[in-house]
Amino acid sequence: MSTATIDSAPFLDVADPSFSITSDVVKQAREQSWYARTPYGLAILRYDEVSRLLKHPKLRQGSLSWPAHNGVTEGPFADWFASWILNKEGEEHHRLRRLMNPAFSKKLISGLVPRFQALASELIDGFADRGRCEFVSEFAEPYAARVIAIMLGLPEEEWPIIARESATIGLALGVTIKQDLPKIEAALQRLYDYADGLIEDRRENPREDFVTALVTAHRDKDSLSFQELRDGLVLLIFGGFDTTRNQLGLAMRTFVDHPDQWRLLAARPELGGAAVEEVMRVNPTVRWVTREALETFEYQGLTIEGGTTVHLFSESAGTDPRVFGEPSFDLTAERMPHFGFGGGAHHCLGHFVARSDMSEALPLLAERMPGLRLDGEGTWLPDSGNTGPITLPLAFDRD
Amino acid sequence: MQITVDMKRCQDHGQCAIAAPDVFRINDEGRLEYEPTADESLRDEVEEAADVCPVQAIALLDG
């Protein structure tokens with residue numbers, strides 16, 4: 001028997017690959033109720049409830065059991081996954097976060113802005129004369145991977161290795177994780193090799209950079225162990241690559257529909273930061289943030305059973321008419337914060353990096369790609385979980 | 001040292017409470033509470049709390 005019959009809440013089949021989080025079905029459900037039932041548990045649809053439940057003390061981050069649910073209970077991947085700061089709670093989590101946070105501070109990242117700008121310009125130079133590009137392979141992917149190389153102090157020409165191994169590890173988030181496991185663990189080992197080399201080098205030759213900040217991070221007498229450092233660095237490579245690539249592609253797709261805002265961004269590059277926030281409000285790559293109920297509790301008259309998976313719909317919250325009114329996309333509007341970086345204790349660790357690199361890239365793209373339009377439909381990941389374009393052909397007016 | 005949090009911007013993420021638990025706390029309702037003054041000996045961790053705040057809502061004043 002479906003749980004949908006228990007009450008009058010709408011049911012959303014989010015496990016169906018053709019389910020779209022931006023569809024009218026979800027918008028109608030949001031008008032009917034602040035939550036919906038799903039095959040996994042609950043989906044939270046409105047801004048206020050997403051905001052509160054995102055930080056609710058009775059909910060933990062919800063992906064910890066993913067490998068075990070798919071039959072992967074031991075080995076290098078299972079160990080690495082369990083090591084993720086995202087999958088830790090309480091004091092164990094806070095200790096790691098305290099040690100890692102300073103390396104990701106706004107101050108340290110701001111020194112990299114000229115590198116981000118030079119990188120964006122170089123990549124745009126590669127296709128500007130053509131008046132068209134395949135945006136993912138010609139910009140989003142190399143940009144996201146080379147930003148990571150810059151952060152880690154790796155040679156930028158090695159970016160295809162970062163891209164390839166991260167994509168392979170990404171297979172672990174799909175339902176075919178078990179059959180892909182040998183490939184996934186080989187990719188993991190190659191990234192560990194990178195991490196080990198970096199840690200050893202910075203221990204011997206500390207310099208003013210991100211890896212040195214992590215290696216030397218300490219709080220009182222505590223510091224990150226070698227294993228924590230290598231686990232953390234590999235997570236950073238993996239977590240920072242796909243998300244940035246996807247979010248840049250989604251940004252371009254949104255701007256195609258809003259040529260006035262694209263022209264505005266070209267004319268006023270200082271709106272780059274606002275552009276990132278507005279895009280992530282209406283078109284976030286992380287379509288939902290997953291939580292799991294630690295115990296049974298009541299929230300707004302609803303009993304949430306311990307163990308229930310709760311998906312917080314970021315796009316649905318970010319376009320909730322109760323908070324944002326009629327649908328609009330406006331870089332100059334004052335907005336409530338979006339949930340594209342999650343929230344609470346697990347708020348994205350790398351958000352200052354992501355915000356900084358995308359806010360430098362978007363105005364340069366707007367300046368160099370006037371008259372932006374689609375040059376074909378492209379191919380897309382399912383519109384749930386983490387989404388984005390696999391390919392995105394774009395055309396624009398040549399200088 | 002005096003501490004102010006712009007409560008209009010604060011989203012109760014609680015990163016400050018992780019960085020400086022002696023000064024910032026998330027209560028049982030999930031809302032931020034904090035001490036408006038703190039001893040100089042806590043300066044490092046309070047500065048860190050201000051740095052890591054995702055919405056940059058924390059300000060420090062000397063004195």
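Just so you know, all these numbers are worked out from the coordinates, no wet-lab data involved. Since the structure is predicted, the reported quantities are computational estimates derived from the model, not experimental observations. All Cβ positions, even for glycine, are placed from backbone atoms using ideal geometry, and neighbour counts span all protein chains on display.
Which one, A:54, A:354, A:239, projects farthest toward the positive side of the charge dipole computed for the protein assembly as shown from Cβ point charges (K/R +1, D/E -1)?
Final value for the positive-end residue is A:54.
Which whole-Hz ³J(HN,Hα) couplings does the range A:335-342 yield from phi under the Karplus relation 6.51 cos²θ - 1.76 cosθ + 1.60, θ = phi - 60°, glycine and proline marked x?
Karplus values, whole Hz, x for Gly and Pro: 10, 5, x, 8, 10, x, 9, x.
Given a cut-off of under 8 Å on Cα pairs at least six residues apart, what relative contact order in percent is computed for chain A? Please report the intermediate quantities before stating the final value.
Values: 631 pairs, mean separation 102.1, N = 399.
Contact order relative to length: 26 percent.
Leaving out same-chain residues fewer than 8 places away, which lysines sit with a Cα under 16 Å from that of residue A:55?
Filter leaves A:88.
Determine ³J(HN,Hα), in whole Hz, for all residues of the range B:43-48 in sequence, where each value follows from phi through the Karplus function 6.51 cos²θ - 1.76 cosθ + 1.60 and θ = phi - 60°; x replaces Gly and Pro.
Whole-Hz 3J(HN,Hα) from phi for the range B:43-48: 4, 4, 6, 5, 4, 5.
What FRET efficiency, computed as 1/(1 + (r/R0)^6) with R0 = 22 Å and r the Cβ-Cβ distance, is obtained for residue A:32 and residue A:298, rounded to the nearest 0.05? Mind showing how you got there, number by number?
Working: r = 21 Å, r/R0 = 0.94.
For residue A:32 and residue A:298, the calculated efficiency is 0.60.
Considering only C-alpha atoms, what is the centroid distance from the range A:58-104 to the range A:334-393, in Å?
25
Name the residue from A:109, A:365, A:317 whose Cα lies farthest towards the positive end of the charge dipole of the protein assembly as shown, charges +1 on Cβ of Lys and Arg and -1 on Cβ of Asp and Glu.
Result: A:317.
Per 5 Å bin, what percent of the C-alpha pairs of the range B:2-61 does each bin hold, from zero upward?
4, 22, 37, 26, 10, 2
To make sure I understand, if each residue's beta carbon is the centre and we count other beta carbons within 10 Å, what order do A:65, A:105 fall in, fewest to most?
Ordered from fewest to most neighbouring Cβ atoms within 10 Å, A:65, A:105 come out as A:65, A:105.
If you restrict to DSSP beta bridges whose two residues both lie in chain A, what percentage is antiparallel, to the nearest 5?
85
For a footprinting-style exposure proxy, rank A:14, A:175 by other Cβ within 10 Å, fewest first. If you can, show how the numbers build up before the last one.
Working: A:14 22, A:175 11.
In order of increasing Cβ crowding within 10 Å: A:175, A:14.
Per residue of the range A:143-155, in order, report the coupling 6.51 cos²θ - 1.76 cosθ + 1.60 (Karplus, θ = phi - 60°) as ³J(HN,Hα) in whole Hz, putting x for Gly and Pro.
Coupling constants for the range A:143-155: 5, 4, 6, 6, 4, 5, 4, 4, 4, 8, x, 8, x Hz.
Assigning unit charges at the beta carbon (Lys, Arg +1; Asp, Glu -1) and nothing else, what dipole magnitude in debye, to the nearest 20, does chain A show about its Cα centre?
Values: 41 positive and 58 negative charges, 132 e Å.
So the magnitude is around 640 debye.
Would you compute, from DSSP H runs of 4+ residues alone, the mean residue ellipticity of chain A at 222 nm, taking -39500 (n - 2.57) per run and dividing by the full residue count, rounded to the nearest 500? Before the final figure, lay out each step's value.
Details: 17 runs with 194 residues, N = 399.
Here the helix-only value at 222 nm equals -15000 deg cm²/dmol.
Between the range B:18-63 and the range A:268-298, how many Å separate their Cα centres?
24
Once the piece of chain linking residue B:7 and residue B:62 is laid out straight, how much longer is it, given 0.36 nm per residue of separation minus the C-alpha distance between them?
Working: separation 55, 0.36 × 55 = 19.80 nm, distance 2.01 nm.
In short, 17.8 nm is gained.
Please rank B:16, A:133, fewest neighbouring Cβ atoms within 10 Å first, as an exposure proxy.
Details: B:16 29, A:133 22.
Ranking B:16, A:133 by Cβ neighbours within 10 Å, fewest first, gives A:133, B:16.
If amide hydrogens are placed 1.01 Å from N in the peptide plane, which non-local residues have theirs closer than 5 Å to the one on residue A:209?
Residues meeting the amide H criterion: none.
Nearest 20 debye, what's the magnitude of the dipole of the range A:239-336 about its Cα centre given +1 on Lys and Arg Cβ and -1 on Asp and Glu Cβ? Could the numbers behind the result be given before it?
Values: 9 positive and 15 negative charges, 74 e Å.
Roughly 360 debye for the range A:239-336.
Given Cβ point charges of +1 (Lys, Arg) and -1 (Asp, Glu) and nothing else, what value in debye, to the nearest 20, does the dipole of the range B:2-61 about its Cα centre take? Working shown, then result.
On the way: 5 positive and 14 negative charges, 65 e Å.
Once rounded to the nearest 20, the dipole reads 320 debye.
Could you list log10 I(q)/I(0) for chain A at q = 0.10 Å⁻¹, which the Debye formula gives when each Cα is one point scatterer?
The computed values of log10 I(q)/I(0) come out as -0.68.
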